Amino acid sequence: MLEIRNLHAGVGGTEILRGIDLTVRTGEVHAIMGPNGSGKSTLAQVLAGHPTFTVTEGSVLYEGRDLLGMDPEERAQQGLFLAFQYPVEIRGVTNAYFLRSALNAIRKHRGEDELDPVDFLGVLDEKLKVIGWDDSLMNRPVNDGFSGGEKKRNEILQMAVLEPKLAILDETDSGLDIDALKTVAHAVNTLRAPTNATVVVTHYQRLLNYITPDYVHVLTGGRIEKSGGKELAWELEARGYDWVAAGAVIA
Amino acid sequence: MTPEAADVLAAAPDARARYVREFEASAGNGAGQTPAWLRAVREGAIARFAEVGFPTMRQEEWRFTSVRPIADTVFRRADEPVPSGALATAMAPYLLCEADRHRAVFVNGHFVAALSSLAGLPEGVTVGNLAAALGGEADVVQQHLARYARPAAGPFSALNAAFLLDGAFVFVPEGVDVEEPVQVLFLSSPSREPIVSHPRTLVVVERGARASIVESYAGVGEGVYWTNAVTEVVVGDGARADCYRVQRESGTAYHVATTHTHQGRDSVVWFHLVALGAALARHDIVSVLDGSGGLCTLNGLYLLGGQQHADHHTTIDHAQPHCESHEYFNGVLDGQSHGVFNGRIIVRPGAQRTDAKQTNNNLVLSGEARADSQPQLEIYADDVRCTHGATLGPLDERALFYLRSRGMSADAARSLLSYGFGAEILGRMDIAPLRAQLDRLVRARLQRESRRENVP
Ligand SMILES: Nc1ncnc2c1ncn2[C@@H]1O[C@H](COP(=O)(O)OP(=O)(O)OP(=O)(O)O)[C@@H](O)[C@H]1O
Ligand SMILES: [Mg+2]
């Protein structure tokens, strides 16, 4: 589904990603861990098409197509979804209106009819139920004045409504209380399907107790220095990232 | 020649003299029916205008706005229109559909009974025209008319008072709640020659009463015209007035207006305004909190494109203690348009525990559009809270990417973000059919703007 080969990217001449290789197949869950500033969010943003970053080398294939040649909206329409580490506030636009606009943009691309407000409410209600939330945030402007945890939950709600094929969750677990963490994990697990894939960026092994990854990767200094199964997360929890960096030097 | 130097020519005495001559020529008209006090108001007003003339950009209050196009144009006051099917069709888009039982319609400044609907008003409530009220409620009119928006306050309110013939009158007696909104529609329908009207509105909501008033200004056809409006809203102790004002003048129009609200003790005023039209618009809003415990909210939106120029000058006058004011103004500026916001807050000596907030957010969509925003705080009491904030800038790139990452095209994302600036203001409005109508207008307008903006 996703094949990243020797990806180099940066901002204004400063290289942040220094040769990433990563393959994600359908049905898989990958976890990416790594110290602050190692390039996790940069990788996620580059995959989503953020114009700030320039790709200087390498390639990314998504369902066999050149992902890097697509506009951000095209990537989303093709089923890629990024849950932002720092969700953005949208002045004056209610959450419900925003969700409907996004869903309709994607439906239009799929050749489906756009949903009117009433039909959309039906879809929304169903998704809210899956996630176990009420509609109290729906008539407030997107992320405006939302608490940290509410913003993260809202990213998951968007994911549920948009039904992506490949979801990248950038520290969606950070700042969540334990109940919210379980709800988010539950939402991810509910949406999990053999045709989909998920990449979770996280600092905590905690989340991985609820979302069991098939692979864990350690990103340091803009490269994936180590990959393994879910046990790797435990080891990282016990030994810290220095251990990976040290190991990398010896190897 | 600099714009300022060119503008000074607008003060040329012939423009001023033209209006004085016109006043003198028409002074005999209707003099028979006009009460003496009103004649005195008019005469005082023209004398005032003769003294000051049209403003120039050298005056602090007018430094961003040149009224030269108005001073240079010879306007004629239009004759009374003949009610027609064409007029009825023309006014239809401006009506409040589901809430349209109480409306007074004026065409070129003249009341048109045939287009108005004054059905189902609660007992004691008057909605109609001032000329008629001078017969019935003469004392109420005399007590309030031109007492708040005084002719001496500025050249345009002076001109309005000098040529005051008729206007809208809304009277809600003590304790009465008018549930359905009252609409006052001022249509201009110019022919070949430029015309001017000086619409006047007086709204009196007595002690403990409650009403919603929707004031709309619009133009029919292509011709040049000038609307010089003055509105006075008097709100008694414990009363509440929800005022809406929709300015949809045609693109060749000039719109100058003063709105003056005057509030008693524990009263509430919400003043919502949306300015979409006119080539050149200037609106002065003065809200006086003249009794303790009053609450006043100004909630305004201006959407400008092309060569449009709109200047909003607001003054919130905290004359008494324990009052609260909120001011929200958003502007969306495209093309080569120019938006001006000047927000003055006065806290008078003794107006302790004043709580005043002001925000002005401008979204500047094009490199050639311009926004000017300035707060002006004059605080003469010590126990007060006054905050103000202004933003000015292009669309937020982070927000743009966020929306695109959710599948929206760059165009759709731009128009949604611009729409948000409007929706934030419209969201505070209570009259659902009006809000929906404005929402459609704003959305259509911004979709168009963003598409145009995207053309390389
Ligand atoms: N727009 C930018 N301009 C300049 N430098 C940037 C920009 N975005 C990221 N960087 C830099 O790139 C490096 C990687 O940042 P990134 O946000 O990808 O880290 P991260 O692994 O997600 O960290 P964290 O765990 O703290 O979220 C950091 O040194 C950061 O300062
Ligand atoms: Mg990060």
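The values are calculated or read from the model by the stated rules, or taken from the named source; none is laboratory data. What you are looking at is a predicted structure, and each value in this text was computed from that prediction instead of being measured. Here Cβ is always computed from backbone atoms with ideal geometry, including for glycine, and neighbour counts include all displayed protein chains.
Of all residues in the range A:132-159, count the ones that are part of a helix (DSSP H, G or I), among the aliphatic types (A, V, I, L, M) and more than 13 Å from every other protein chain (Cβ to nearest Cβ). Number satisfying all stated conditions: 1.
Only one of the listed residues (A:VAL161, A:VAL201) is under 22 Å from A:ALA48 (Cβ atoms), within 16 Å of ligand 2 (Cβ to nearest atom) and in contact with a Lys or Arg (Cβ under 9 Å, 6 or more places away or on another chain). That residue is A:VAL201. Of all the listed residues (B:ALA423, B:ALA369, B:ALA351, B:ALA356), the sole one being closer than 25 Å to B:ALA279 by Cα and more than 14 Å from chain A (Cβ to nearest Cβ) is B:ALA369.
Here is a check on your reading of the model: is B:ARG428 more than 11 Å from chain A (Cβ to nearest Cβ) and basic (Lys, Arg)? No: the conditions fail for B:ARG428.
Applying the selection to the range A:41-55, what residues are more than 16 Å from the chain's Cα centre (by Cα), under 9 Å from A:LEU17 (Cβ atoms) and either within 13 Å of ligand 1 (Cβ to nearest atom) or not hydrophobic (A, V, I, L, M, F, W, C) (or both)? Within the range A:41-55, A:PHE53 is the sole residue that qualifies.
Per the listing A:MET1, A:MET33, the residue uniquely of a type outside the set (Val, Ile, Thr), surrounded by 14 or more Cβ atoms within 10 Å (Cβ to Cβ) and more than 13 Å from ligand 2 (Cβ to nearest atom) is A:MET1. Within the set A:ALA105, A:ALA83, the sole residue that is within 13 Å of B:LEU403 (Cβ to Cβ) and within 12 Å of chain B (Cβ to nearest Cβ) turns out to be A:ALA105.
Strands (runs of 3 or more DSSP E) fully within the range B:125-210 that include at least 1 residues being surrounded by fewer than 21 Cβ atoms within 10 Å (Cβ to Cβ): B:126-129.
Would you confirm, using the coordinates I've provided, whether B:PRO93 is assigned to a loop (DSSP other than H, G, I, E, B) and farther than 17 Å from B:THR231 by Cβ? No: the conditions fail for B:PRO93.
Does B:ASP411 count as more than 9 Å from every other protein chain (Cβ to nearest Cβ), acidic (Asp, Glu) and farther than 28 Å from A:LEU80 by Cα? Spelling it out, it is not the case that B:ASP411 is more than 9 Å from every other protein chain (Cβ to nearest Cβ), acidic (Asp, Glu) and farther than 28 Å from A:LEU80 by Cα. With a requirement of 3 or more residues that are hydrophobic (A, V, I, L, M, F, W, C), under 30 Å from A:VAL161 (Cβ atoms) and at pLDDT below 85, the helices (runs of 4 or more DSSP H) lying completely within the range A:175-251 that satisfy it span A:178-191.
In this structure, A:GLU171 qualifies as surrounded by fewer than 23 Cβ atoms within 10 Å (Cβ to Cβ), among the charged types (D, E, K, R) and within 13 Å of ligand 2 (Cβ to nearest atom). Evaluated against (1) in contact with a strand residue (DSSP E or B) (Cβ under 9 Å, 6 or more places away or on another chain); (2) closer than 20 Å to B:THR252 by Cβ, B:VAL347 falls short on exactly one condition, (2). For the range A:126-140, the count of residues that are out of contact with any helix residue (DSSP H, G or I) (no Cβ under 7 Å at 6 or more places or on another chain), β-branched (Val, Ile, Thr) and surrounded by 14 or more Cβ atoms within 10 Å (Cβ to Cβ) is zero. On the given criteria, is A:GLU15 away from chain B (no Cβ under 12 Å), away from ligand 2 (no atom under 16 Å from the Cβ), assigned to a loop (DSSP other than H, G, I, E, B) and among the acidic types (Asp, Glu)? Criteria not met by A:GLU15. Checked against the criteria, B:ARG435 does not count as of a type in the set (Lys, Arg), on the phi < 0 side of the Ramachandran plot and within 12 Å of chain A (Cβ to nearest Cβ). Consider the range A:15-38 and keep the residues that are over 25 Å from A:ARG239 (Cα atoms) and of a type in the set (S, T, N, Q). The one that is nearest to ligand 1 (Cβ to nearest atom) is A:THR23. The helices (runs of 4 or more DSSP H) located wholly in the range B:341-456 that include 2 or more residues which are of a type in the set (Gly, Ala, Ser) and within 30 Å of B:SER212 (Cα to Cα) occupy B:410-426, B:432-454. Of the strands (runs of 3 or more DSSP E) lying entirely inside the range B:243-334, the ones with 1 or more residues being over 21 Å from B:LEU434 (Cα atoms) are found at B:254-263, B:280-289, B:295-304, B:309-318, B:324-333. Residues in the range B:64-94 that are under 21 Å from the mean Cα position of the chain (by Cα), surrounded by fewer than 18 Cβ atoms within 10 Å (Cβ to Cβ) and charged (D, E, K, R): 1 in all. Restricting the first member to the range A:5-21 and to residues that are without any contact (Cβ under 8 Å) to a residue 12 or more places away in the chain, and the second to residues that are within 11 Å of ligand 1 (Cβ to nearest atom), no beta-carbon pair is closer than 7 Å while six or more apart or on different chains.
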